[in-house]
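Here, each number is a calculation from the coordinates, and none is a lab measurement. What you are looking at is a predicted structure, and each value in this text was computed from that prediction instead of being measured. So basically every Cβ, Gly included, is an ideal-geometry build from the backbone, and we count neighbours across all protein chains shown.
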Amino acid sequence: MRFPEDVPTLTDGVVTLRAHTVADIQPLYDVCQDPEMQRWTTIPLPYEYQRAEQYVTELIPAGWVKGNSWAWAIDYDGRYAGTIDLLPEDRIVGEVGFSVAPWARGNGVGTRAVKLVVRHCFDEGFQRVTWRAYVGNWGSRRVAWNSGFRNLVTVLGSGVARGVRKDEWVASIARDDELEPQGRWWKVPVIETDRVRLRPLRGTDAKRVAEACSDKRTQKWLAGLPNPYQLEDAEGFIEGRLELLASGEAVSWAIADPETDELLGNVSVFDLKNRIDKTMAEVGYWAHPEARGRGVMSAAVRCAIRHAFTPVEDGGLGRRRLVLFAAEGNAASQRVAEVNGFTRTGRQRAASPGRDGEFRDLHCFDLLATDEWPGKSPETS
């Protein structure tokens, strides 16, 4: 193998993968100054210009010549936009890795590059390609999902970054698999009304989440919450909503004040992968103490209902039926269900565990897309 003469050029007409040249040293060095690049990779820190120079002029050519690492420069919009490499372990299984310049992110560059490399590997006789990333690297996981990688698992402590053990996500794709997403990765749309704004949860919401979930009333009706509820619990809750989106399980919104954007509560549509009925979902919610008694939750649930019943092709969740449960004595929660058109369908006896050890009855409600409910539009009928 000769470098650069024997490096195959791969292109889909938008993204081109080619051999690196000395002209890539400066832009590669610039990419390696990006905080996200430094956070999620094992590049040396501080990353000096000489390291970029050595990588482009020595390490990359040596990898091609020895056959133990194939690295391409990613060209997009006429510029160097990152690097993608493949470790051809045994010419049967390879591992792909990539970095995309900040200016090029969000344009599908990573996905296009990965698909080009995966197709090339399969043309070369490989049977499988794997991908791995540290847990929390949602950008990399999204690229892998978009490229058709599947059977994702979390391997605890399998990665090492600068001497620190980290959990890793690992997924793979086989030569006969389609290079297309498997399952749903839901989005959280921003929904605005005069009374509330529904938006994605953010890390800066953690303090307000902790306040809400430490509240006596919240703790009473949500007995599964940690007690005491700490700031780190709130941070874990927010991060966990991202996993539920990526796995297709649920969509959760921060309920925010439309003027201040301050968090007032949370509403979720979950159980979206119900094994028995994939057209149904459950609605759940909790409020910050400052939001109670103002009609905030009823307005937020109304927005969530509309999104849940909106067809998938129109950006919604495409549900046919929603269910909601409220414990005996939780009159406020039952009222939210009733004012939004839910029908009381029954009662599960002693089904709701309390923090005091008592089991209360659980009131059951449901709502069909064909029912009449406040705010219903013809599109959701």
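Taking the Cα centre of the range 10-174 as origin and assigning +1 to Lys and Arg Cβ atoms and -1 to Asp and Glu Cβ atoms, the resulting dipole is close to 520 debye. Using R₀ = 56 Å, calculate the FRET efficiency as 1/(1 + (r/R₀)^6) where r is the Cβ-Cβ separation of Arg344 and Glu178; round to 0.05. Computed FRET efficiency for Arg344 and Glu178 comes out at 0.80. Shape class for the range 10-174: rounded, because the ratio a/c of the largest to smallest gyration tensor axis (alpha-carbon atoms, square roots of eigenvalues) is under 1.5. Listed options for mean projected area of the Cα convex hull in nm² are [x] 22.3; [y] 19.3; [z] 18.2. The value calculated from this structure is the one marked [x]. For Lys273, a cut-off of 16 angstrom between C-alpha atoms picks up these aspartates and glutamates, skipping any fewer than 8 places away in its own chain: Glu243, Glu249, Glu282. Note on the range 10-174: dipole from Cβ charges, positive end direction compared against Asn151, Gln33, Phe126; the farthest Cα belongs to Asn151. The packing ranking of peptides 63-73, 205-215, 366-376, highest mean first, is 205-215, 63-73, 366-376, where packing means the average number of other beta carbon atoms within 10 angstrom of each residue. Annotation: amide H of Gly248 within the under-5 Å range of Trp186, sequence separation 5 or more or interchain, hydrogens built in the peptide plane. If one takes the longest principal axis of the Cα atoms in the chain, at what angle in degrees, from 0 to 90 and to the nearest 10, does the Cα axis of helix 109-123 lie? Around 60 degrees separate the two axes.
Helical content alone sets the calculated 222 nm signal of the chain at -8000 deg cm²/dmol, taking -39,500 (n - 2.57) per DSSP H segment of four or more residues and averaging over every residue. Result for the chain in a Gaussian network model with C-alpha springs under 10 Å: among Glu358, Glu239, Glu95, the largest mean-square fluctuation is at Glu358. Helix 296-309 and the longest principal axis of the Cα set of the chain meet at an angle near 60°. Here the residues Val160, Val188, ranked from fewest to most Cβ neighbours within 10 Å of their Cβ, fall in the order Val160, Val188. The simple spin-label model puts a point 7 Å past each Cα toward its Cβ; for Asn151 and Val190 those points are separated by 4.1 nm.
Each peptide among 152-159, 298-305 gets the average number of other Cβ atoms lying within 10 Å of its residues, and from highest to lowest they stand as 298-305, 152-159.
Between Glu89 and Asp123, the modelled labels are 2.4 nm apart [label points 7 Å from Cα along Cα→Cβ].
Where nothing but the Cβ of Lys and Arg (+1) and of Asp and Glu (-1) is charged, how large is the charge dipole of the chain around its Cα centre, in debye to the nearest 20? Computed charge dipole of the chain: roughly 1020 debye. Local charge for Val170 was computed over the other residues whose Cβ lies under 13 Å away, with Lys and Arg +1 and Asp and Glu -1, and equals +2. Remark: the range 191-380 carries a charge dipole of roughly 520 debye about the Cα centre, counting +1 on each Lys and Arg Cβ and -1 on each Asp and Glu Cβ.
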